[in-house]
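The values are calculated or read from the model by the stated rules, or taken from the named source; none is laboratory data. Predicted model, so just to flag it, every value in this text is computed and none were measured. Note that we place each Cβ from the backbone using ideal geometry, even for glycine, and neighbour counts take in every protein chain shown.
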Amino acid sequence: MKSGKLINNRFLKSGSGSFTTSVMAFLLAIIVGGILIEIAGFSSLATYGAIFRGSLGSTKGIVLSLSQATPLLLTGLSFAIAFRVRIINTGAEGQVYIGAMAAALVGAYVNFLPGITHVAVSVLVGMIAGGMVGLFIGFLKIKFGASEVIVGIMLNEILILITAWLSTGPLMTPGSATAQTNPILETARLGRLVPRSQLTWALVLAVIIAFYLEWMIRKTTLGYEIQVIGSNLKAAKTAGINVPKIYLLTIFISGAIAGLGGAALSLGIHYRFIEGISTGFGFAGIPVAALAMYSPAGVVVSSFLFGALRAGAMTLNRTTSIPIEFVSVVQALVVVFVAAPMLIASIKKNLMKPFNGIRNKRESIKGGDA
Amino acid sequence: MDMLQMKNISKSFPGTKALDSVDFYLKEQEILSLLGENGAGKTTLMKVLYGMLHPDTGEIYYKGEQIHQKSPLDAINKGICMVHQHFMLVPAFTVMDNIIVGNEPKSGLFVDEKKAREEVKALISRFNFNINPDTRVEKLSVGEQQRVEILKALYRKADVIILDEPTAVLTPHEVDSLFVILRKLKEEGKSIVIITHKLRETMAIADRINVLRDGRMIETDIDPKNATIHSLSEMMVGRQVALGIKRPAKNIGGVAFKVEHLKVVEDGVVKIKGIDFSIRRGEILGIAGIEGNGQTQLLESLTGLNTPVSMKITLDGKEIKGSADKFLRSGIGHIPEDRLTMGLATEMTIRDNLILGYHKSPSLQKNGILSSKKINDYSNKCREDFNIKTPSIDVKAKSLSGGNQQKIVIARTFSHNPDVIIAAHPTRGVDVGAMEYIHSKLLDLRDEGKAVLLISADLDEVRSLSDRILVLYEGKIVSESMPGDLSEVQLGLLMTGNKIDEEVKDEIREID
């Protein structure tokens, strides 16, 4: 019970949790998912085999996994960084849309920027657009005590519908049958890392951002203040930390990263804004961040796992008659097990019994007395 | 006959042996004081008895039979109840609801409110608890809440009641009424264990005293009549200690810190009614008062955490205004009221906690990037200078005992060389050893010429450390005196809003 409590607190209160807990949650999801597949009358081996072949079994599969992982990495980072100050950014989906739209507009209509500056400015504008939405959520939270969860969800609807209106109305490509804006110029396109794939430089940018954030949290005064606010808000205030300022800064960063996710979709994949450009990437970032225990560097790994599952699902769909919904089941199970740290802790305790002597040294000394 | 026996109980936590072959017994109808420093294993031992922890070795016998507690529920069903240091009450529920929750008398599917009310009322009157069962718990004082906890135990037909640090949160007056209740419980046939590190109270209430030290039972059979405060404290700490140190101020200088027209209104209620005071260099100004008379607001104002209706603060003639950060950097050090909620981020490491609030100081960072080396050197120095007992500065603050946690707060404030120190309850919930240490550090700092404001609920502490004492009552300063001018009882009267005129004074002297 003691160690269960420890893990539980760690999960809730601190950003960098136990790595093994995450791994176990993932493995457990695979195992339980396999049992469910068998119960439904399919072969779990065939299912996982197809998923593996489609995701990690070939170069093509790996490229597909990485490209699927890219938006998840960005929305995962967006959620993770905000959660480090205990802000739950449910508005990422809307931030993705506004980021995608803003970037696509700069990409399509700004025609005087030479070479790489065009794509850079387009990306930047997409980020700023997402960040401004974040700032707005933060402002309402600080000024009026509005719940960021509710404001975020409401704004999602508003932003998705506004961008949909823009792409079906005033900004729609003349003569187009579908809701989309004018294509962006060549100069605004995000370059591809692998030809004929959807893998773009956005991934490199996202990984750089992830490691920068990890460094920032660990090594800078800003990151320190973020950690203190996340760990004990009252102590942060008592210590003179300017909490509103850090809130605004963090939610701006969070929104900007989600906006970058949107820009990556419109500048790297569709080359324009289309209605329904994000298929729920904003929310998909939540389990990615949770599996990583809200560590930015961890999000790199967890987003790859989720990306691989998505890539595998495509192969599953093409090559077998097994319903791809099982992939969603496995993903959902990951969330369940990450959210049930006590369960993981007790399994871990029993599995690790032979190694307890070693592990104990690493755990902090826990006195019993209050 | 022994009501309860625990034999050869051992319990290890990763890295520490919390209990080492401890034997313990409890007689029928007695009040036993389980004495020991923080971290000695008192709470652990009682948690084993209460089924919250499972011992590695050892046996427990209760009313002659061996028992195995799987959970607190097991223990409660057998009649062993524990009142925790932090009360487990639902603030929005009424007293009655809190008492019956989990044990509601049923009629069909519903709670039999009538029966519940009768039973609760009967209990309240039987023990003269003087509580209205329909009041919501959030409206009760701390002492009353504690009585609700005790009622909860009685309602569950407890024969053994364990109280974890019951007096830590009480005013002197509330302590007295708690003792009356405990004696009454004993008369009614209950056996009571009090976990404490307060010696004076132990002497006053216990029939028998046990001393635990470093997880070992040092003595199980001390008769308080034959014990002295000194002998007990030596048993607890394992060495000689100086209690209630007193060192008169040597060089009180000019006024350093001046507070004028301080008035605070919170939610439309005037919490501080316009007060003025000043502290001189080399002086400790003590503020006595019962909690809730404006101490919190006073602290917040003096550290920049709230915005008073009016206030002028000057430090060496220079006015201080603005945010908490500004106050801190102007040289006002702050030891917050409650280290766990305000002073520490317990999920973070000791090192991280040692820089909290000072993390932007040029000695620890450059251009917003923290210097690991400088912070390590600084933290290790703090650990040595302030005698923080920990295997490493990289463990989480929550793994330390209360006394060592408080040393983190003290070390942080003191090593940044503040001109003024606002110290709130600096030794609350810390053990004798740490208390002695913190007191002597405060006196050292005073002798270096700092101005110290000491706010404490512990009247002994205020009386022994202060060079001047103010009494705060309902947001006003009602008395200013020199230590020794007024007795404990006189201060107590002032703290509760009474006046002391000469006649009463004489009477009191006789009682004293």
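Structure notes:
- Between A:Ala102, A:Ala120, the distinction of being free of Cβ contacts under 8 Å to residues at least 12 places away in the same chain and not β-branched (Val, Ile, Thr) belongs to A:Ala120 only.
- Which listed residue is within 12 Å of chain A (Cβ to nearest Cβ) and over 27 Å from the mean Cα position of the chain (by Cα), from B:Lys63, B:Lys70: B:Lys70
- Of all the listed residues (B:Gly268, B:Gly282), the sole one being in contact (Cβ under 8 Å) with a residue 60 or more places away in the chain, in the same structural domain as B:Leu454 (by TED's automatic domain parsing) and small (Gly, Ala, Ser) is B:Gly282.
- So B:Ile410, is it crowded, with 22+ Cβ neighbours inside 10 Å, part of a loop (DSSP other than H, G, I, E, B) and among the β-branched types (Val, Ile, Thr): no
- Residues of the stretch A:233-242 include at least one that is within 11 Å of chain B (Cβ to nearest Cβ), touching a helix residue (DSSP H, G or I) at 6+ places or on another chain (Cβ under 6 Å) and touching a residue at least 12 places away in the same chain (Cβ under 8 Å).
- Checked across the stretch B:340-347, the condition of being assigned to a strand (DSSP E or B), of a type outside the set (Phe, Trp, Tyr), in contact (Cβ under 8 Å) with a residue 40 or more places away in the chain and within 11 Å of another protein chain (Cβ to nearest Cβ) holds for no residue.
- Answer residue from the stretch A:32-62, given it is in a helix (DSSP H, G or I) and hydroxyl-bearing (Ser, Thr, Tyr) and is farthest from the chain's Cα centre (by Cα) among those: A:Ser44
- All positions within the stretch A:156-191 that are part of a helix (DSSP H, G or I) and farther than 27 Å from A:Ala120 by Cβ: A:Asn156, A:Glu157, A:Ile158, A:Leu161, A:Ala164, A:Trp165, A:Thr168
- Subset of the stretch A:254-284 [part of a loop (DSSP other than H, G, I, E, B) and in contact with a strand residue (DSSP E or B) (Cβ under 8 Å, 6 or more places away or on another chain)]: A:Arg272, A:Phe273, A:Glu275
- Residue match in the stretch B:204-224 (condition: buried (at least 20 other Cβ atoms within 10 Å of the Cβ), at pLDDT below 85 and more than 14 Å from chain A (Cβ to nearest Cβ)): no
- Test result for B:Gly357, touching a His at 6+ places or on another chain (Cβ under 9 Å), under 23 Å from B:Arg446 (Cα atoms) and at the interface with chain A (Cβ under 7 Å from one of its Cβ atoms): yes
- Scanning the stretch B:362-409 for residues that are acidic (Asp, Glu) and either within 10 Å of chain A (Cβ to nearest Cβ) or within 16 Å of A:Arg218 (Cβ to Cβ) (or both) returns a single hit, B:Asp394.
- Applying the set (1) out of contact with any Ser or Thr (no Cβ under 8 Å at 6 or more places or on another chain); (2) closer than 21 Å to B:Asp444 by Cβ; (3) not hydroxyl-bearing (Ser, Thr, Tyr); (4) not in a loop (DSSP other than H, G, I, E, B) to B:Gln405 leaves exactly one unmet item: (1).
- Filter result (assigned to a helix (DSSP H, G or I) and surrounded by fewer than 18 Cβ atoms within 10 Å (Cβ to Cβ)) within the stretch B:144-165: none
- A single entry from A:Thr220, A:Thr250 fulfils the requirement of being of a type in the set (Val, Ile, Thr) and within 9 Å of another protein chain (Cβ to nearest Cβ): A:Thr220.
- Residues in the stretch B:91-110 that are within 19 Å of B:Lys157 (Cα to Cα) and in a strand (DSSP E or B): B:Lys106 alone.
Conditions tested, residue by residue: (1) surrounded by 15 or more Cβ atoms within 10 Å (Cβ to Cβ); (2) within 16 Å of A:His270 (Cα to Cα).
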{"position": "A:Glu157", "(1), (2)": "no, no"}
{"position": "A:Ala164", "(1), (2)": "yes, yes"}
{"position": "A:Pro170", "(1), (2)": "no, no"}
{"position": "A:Pro174", "(1), (2)": "no, no"}
{"position": "A:Arg196", "(1), (2)": "no, yes"}
{"position": "A:Leu205", "(1), (2)": "yes, no"}
{"position": "A:Thr221", "(1), (2)": "yes, no"}
{"position": "A:Tyr224", "(1), (2)": "yes, no"}
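- Residues of the stretch B:19-59 that are farther than 18 Å from B:Thr196 by Cβ, touching an Asp or Glu at 6+ places or on another chain (Cβ under 7 Å) and within 14 Å of another protein chain (Cβ to nearest Cβ): B:Gly51 alone.
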